[in-house]
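Peer 1: Below is a structure I'd like to ask you about.
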Amino acid sequence: MNPNRLHAWQAADRIARRELRAEDLVRACLERIDEREPALHAFVQLDREAALAQARALDAGPLRGWLHGLPLGVKDVFDTVDLPTGYGTPIHAGHRPAADAAAVSLCREAGSLVLGKTVSTELANMHPGPTCNPHRLTHTPGGSSSGSAAAVADFMLPLALGTQTAGSLIRPAAFCGIVGYKPSLGRVPRAGVKSLSESLDTVGGFGRCVRDVALLGAVLTGDARLRHWQAPDAPRIGLCRTPQWDQADADTQRTWQHAADVLAPLAAACRDTALPAGSLAWVQLQKDVMAHETARSLSHERTRHAARLSTPLRALLDAGSAIDGAMHAADVAAVMRARQAVDALFERHDLLLAPSTLGEAPAGLDHTGDPLFCRGWTMLGLPCIHLPVGHGASGLPVGVQLIGRYGDDHRLLGAAQWAFERLGG
């Protein structure tokens, strides 16, 4: 097997035992990038020689941490001291940060090396970059963490960092057929990441299996339980179609039902679960909170560079500016009430099984798909993981989303591994 096709945890184990050189892994990734990047457009920056030099230094020195020798893709909204950070917009082209984002620094401290910066949508919003879906180049890879998801799915990288404010980790993971992990809100430091919404922004990442994102998550959170979890004998599963179920297409509904049918006989309990009263309003609530906070976070771009922003982003910023501070305070209070209400579900369930997306990745590269099935969970701040399960009618990936209790990321990852194995992962 070519080294770039190893799972991240497998590569890390072999490097730690000196059975694989980090330099050989980097070279294999670069060869894959040379082969596929002209069509995929997953990267905005690559530093081949620096990555190879770092790999050689890591091979020659002691083990530095859990990610020792692993190449990492970094979404272009994370500051990096050695590569430009453009935030997905020409407004900041060539910007050279003075320091790494905290998440990047933590990964380097654990022994990873940054192979390149991956494409983000415009300022991590909805307007797409050039990245294509690796399974079908005429379809979107999702966003806003487009390049990170596509690069991991196409074996260019074992791991990549992304962010989620609405659905920017789970949706591209689903469209690209890999595992995406959104930690509990606040578990990963956001310092040095372009801010959109203080109430919603979450740093997470991508791998090709649950063990991969657990490894990355342990480094990002500093919580070793994420890496050393034990899968439960049989978790209690809440079947949560969500109030938006009728907007899911046949592929999503069939995949979700298949997962429920496979897992139900093996679970300690598995029953239909209704969300708390008022949950129908959660999607709009997330939209309003995000719009207001994004309009304020991007005040510089909105007031000084409006002509260089896309029409959809200008519309979002205008809508957010129309929500005054008193309205936003009421929205934030409603979010806190919703978070308290949903916590009661986890007295009866270890995880919730829900849809990830409306369906397969849509055709076209002028949009990134609808984050409908992610908005509510992001607003609630709960840990989420997408599991690839199969393929839709046209052959593109589909999967399901698992949601855990706030702060119980290690338990969610353990249950996700249990489910992943039984669903054929």
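The values are calculated or read from the model by the stated rules, or taken from the named source; none is laboratory data. Nothing here was measured: the structure is a model prediction, and the numbers come from that model. Because the Cβ atoms are built from the backbone with ideal geometry, glycine has one as well, and the counts that use them run over all protein chains shown. To get the accessible areas, we keep the full protein, side chains included, count just its heavy atoms, and leave off ligands, DNA and RNA. Shrake-Rupley method; radii C 1.70, N 1.55, O 1.52, S 1.80 Å.
Peer 1: I'd like the accessible area for D343: 1.4 Å probe, protein heavy atoms, all chains in place, Å² to the nearest 10.
Peer 2: The accessible area comes out at roughly 60 Å².
Peer 1: If you take every DSSP beta bridge whose two residues both sit in the chain, what share of them, in percent to the nearest 5, is antiparallel?
Peer 2: DSSP beta bridges in the chain are roughly 65 percent antiparallel.
Peer 1: Plugging the Kirkwood radius over Cα pairs into Stokes-Einstein for the chain, at a temperature of 10 °C and a viscosity of 1.306 mPa s, what D comes out in µm²/s?
Peer 2: 75
Peer 1: For H258 and A234, calculate 0.36 nm times their separation in residues minus their Cα-Cα distance, and state this gained length in nm to one decimal.
Peer 2: 6.9 nm
Peer 1: If you average the C-alpha positions of the stretch 12-66 and of the stretch 337-401 separately, how far apart do those two centres end up, in angstrom?
Peer 2: For the stretch 12-66 versus the stretch 337-401, the Cα centre distance is 31 Å.
Peer 1: Right, next: Run the helix sum for the chain: -39,500 (n - 2.57) per DSSP H stretch of 4+ residues, divided by residue count, reported at 222 nm to the nearest 500 deg cm²/dmol. Before the final figure, lay out each step's value.
Peer 2: Working: 14 runs with 165 residues, N = 425.
When only DSSP H runs of four or more count, the value is -12000 deg cm²/dmol.
Peer 1: Counting GluC sites (Glu not before Pro) as exposed when in a DSSP loop with at most 16 other beta carbons within 10 Å, what is the longest stretch of the chain free of them?
Peer 2: It works out to 199-425.
Peer 1: Another question about this same structure. Residues in the stretch 203-245, backbone N under 12 Å from the label point at A281 (7 Å along the Cα-to-beta-carbon vector): list them, ranges by number please.
Peer 2: Flagged as within label range: none.
Peer 1: With a 1.4 Å probe and all protein chains kept in place, how do H300, H139 rank by accessible area, largest first?
Peer 2: H300, H139
Peer 1: Which order do D409, D24 take by accessible area at a 1.4 Å probe, largest first?
Peer 2: Sorted descending by solvent-accessible area, the residues read D24, D409.
Peer 1: Relative to the compact-globule scaling 2.2 N^0.38 Å, provide the ratio for the alpha-carbon radius of gyration of the stretch 81-134.
Peer 2: That ratio works out to 1.26.
Peer 1: Which of the three applies to the stretch 26-121, rounded, prolate or oblate, going by the alpha-carbon gyration tensor with a ≥ b ≥ c and a/c under 1.5 meaning rounded?
Peer 2: Here the stretch 26-121 falls in the oblate category.
Peer 1: Using modelled amide H (1.01 Å from N, peptide plane; none on Pro or chain starts), what sits under 5 Å from the amide H of V389, excluding residues fewer than 5 places away?
Peer 2: Result for V389 returns V398, G399, V400.
Peer 1: Keeping every protein chain present and rolling a 1.4 Å probe, give me the accessible area per residue for the chain in Å².
Peer 2: Value returned for the chain: 36 Å² of accessible area per residue.
Peer 1: Any aspartates and glutamates with Cα under 18 Å of the K182 Cα? List them, leaving off those in the same chain fewer than 8 positions away.
Peer 2: Once the sequence-local aspartates and glutamates are set aside, what remains near K182 is D76, E198, D201, D212, D223, D343, D350, D370, D408, D409.
Peer 1: Would you mind getting me the FRET efficiency between A274 and R422? Use the beta-carbon distance for r and R0 = 30 Å, nearest 0.05.
Peer 2: 0.75
Peer 1: Now for a different question. With a 1.4 Å probe and all protein chains left in place, how much of the accessible area of the stretch 1-150 comes from carbon and sulfur atoms, in whole percent? Show your work: numbers first, answer last.
Peer 2: On the way: 2910 of 5630 Å².
The C+S portion of the solvent-accessible surface of the stretch 1-150 is 52 percent.
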